[in-house]
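Would you mind keeping the following structure in view while I ask a few things?
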Amino acid sequence: MPKRGERKMKGDRPDAKHSKSVVAFLQARMGSSRLPGKVLMPIQGQSILERAIRRLRAASIIDEVAVLTTRLDEDDVIVEESRRLDARVYRGPELDVLARFYEASQELHPDIIIRATADNPLIEIGSIHRIVKALSFGNLDLCMERDLPYGTATEAFTIEALEKANQLAQEASHREHVTLYIKEHPEIFNASFPVAPDPLRRPHIRLTVDTPEDFAFMDRLIGRLPEGENPLPLSEYLPFVLKGLDEGECKALDSF
């Protein structure tokens with residue numbers, strides 16, 4: 001892993017002038033009130049965790065993907081699956097997720113962190129490039145695209161913003177939700193929430209796995225477009241999702 005300010009280049013990348021190290025921190029744990037163990041449930045032969053890792057790795061701007069889980073015994077299986085996938089693993093507090101992120105950042109020292117969660121098997125890959133570029137060239141502390149389908153967005157923020165949030169945040173909600181303190185304090189942090197490109201602007205669509213119904217729909221959806229070595233763009237799935245909404249196969253976000 002390069003030191004902060006250094007970057008390992010990944011072939012011919014469209015952002016060749018971008019020189020900051022970028023690491024994706026993927027939150028994952030087995031505990032879930034609605035669907036325990038969901039992150040390891042298989043969709044078309046791959047766990048949801050594996051699908052999230054593969055999509056993050058498909059973003060050439062990312063140098064490394066690290067899975068951040070808890071120290072609970074029940075999450076040992078996440079460590080095993082992550083190692084099988086050659087992903088680095090960090091274990092930290094269960095509820096103080098902000099501390100978990102901070103501790104991992106002090107070992108990896110990335111300039112920019114991408115936050116993603118392991119219950120989202122269709123992360124929008126292109127958005128990662130857009131928010132990292134906006135963060136870098138806009139002198140921002142945090143950037144996240146608005147109006148993407150629910151469960152497909154990621155967040156980009158600087159390690160300096162994470163360190164400051166970890167130092168200042170005291171409330172339990174700010175410790176559990178990593179970027180909430182940053183978003184709620186514009187007097188301290190410079191955050192931007194640009195609108196997603198029009199073809200992807202579908203905020204009423206739900207593409208996450210939180211319930212058995214979510215899982216069944218995502219399994220059918222991904223099964224209609226089998227992936228090869230490389231994950232498919234989110235845009236290729238959206239026509240099938242819209243068709244499912246029309247036919248009552250899935251529900252819009254506002255119906256949950």
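What's the local net charge at A196, with K and R +1, D and E -1, over the other residues with C-beta under 15 Å away? It would help to have the intermediate numbers written out before the result.
Numbers: positive: R130, K133, R146, R201, R202; negative: E124, E145, D147, E155, D198.
Spelling it out: positives minus negatives among the neighbours equals 0.
What is the percent of Cα-Cα separations in the chain that go past 33 Å? Provide the component values of the computation, followed by the final result.
Values: 4925 of 32640 pairs.
In whole percent, the share of Cα-Cα pairs in the chain beyond 33 Å is 15.
Next question, about the same structure. Sum up the lysine pairs in the chain that clear both bars: alpha-carbon distance under 22 Å and a spacing of 8 or more or different chains.
For the chain, the number of qualifying lysine pairs is 17.
Tell me which of F101, G138, I188 sits at the most positive position along the dipole axis of the stretch 65-206, charges placed on C-beta atoms (Lys, Arg +1; Asp, Glu -1).
Ranked along the dipole, the leading option is G138.
Can you check what the net charge comes to around T154, using other residues whose Cβ is under 11 Å from the Cβ of T154 (Lys, Arg +1; Asp, Glu -1)?
Around T154, the surrounding residues sum to 0.
Let me ask something additional. Counting DSSP beta bridges in the stretch 22-255, what percent are antiparallel, to the nearest 5? Mind showing how you got there, number by number?
Values: 9 of 29 bridges.
Of those bridges, close to 30 percent are antiparallel.
Once you charge only the Cβ atoms, +1 for Lys and Arg and -1 for Asp and Glu, what is the size of the charge dipole of the chain about its Cα centre, to the nearest 20 debye?
Dipole size: approximately 660 debye.
Another question, if that's okay. Between the alpha-carbon centers of the stretch 181-216 and the stretch 43-63, tell me the distance in whole angstrom.
If we compute the Cα centre of each part, the gap is 19 Å.
Projected onto the charge dipole of the stretch 22-255 (+1 at Lys/Arg Cβ, -1 at Asp/Glu Cβ, origin at the Cα centre), which of M41, Y237, F215 gives the Cα projection farthest towards the positive end?
Y237
Still on this structure: For the peptides 63-74, 45-56, 225-236, what is the packing order when you average, over each peptide's residues, the other Cβ atoms within 10 Å and list the highest mean first? Let's see the in-between values first.
Numbers: 63-74: 19.5, 45-56: 21.9, 225-236: 12.7.
Final packing ranking: 45-56, 63-74, 225-236.
With +1 on the Cβ of every Lys and Arg and -1 on the Cβ of every Asp and Glu, and nothing else charged, how large is the dipole of the stretch 115-154 about its Cα centre, in debye rounded to the nearest 20?
On the way: 4 positive and 5 negative charges, 27 e Å.
In debye, rounded to 20, the stretch 115-154 gives about 120.
For every other residue with a beta carbon closer than 15 angstrom to the beta carbon of L168, add +1 if it is Lys or Arg and -1 if Asp or Glu, then tell me the sum.
Numbers: positive: K164, R175, K183; negative: D96, D141, E160, E163, E171, E184, E187.
After counting each charged neighbour, the total is -4.
For the chain, modelled as a GNM with alpha-carbon contacts under 10 angstrom, which of R29, R57, R88 fluctuates the most?
Looking only at R29, R57, R88, the largest GNM fluctuation is found for R88.
No lab work stands behind these numbers, since they all come straight from the coordinates. Since this is a predicted model, take the numbers as computed values, not measurements. Note: ideal-geometry Cβ built from the backbone for every residue, glycine included; neighbour counts use all protein chains shown.
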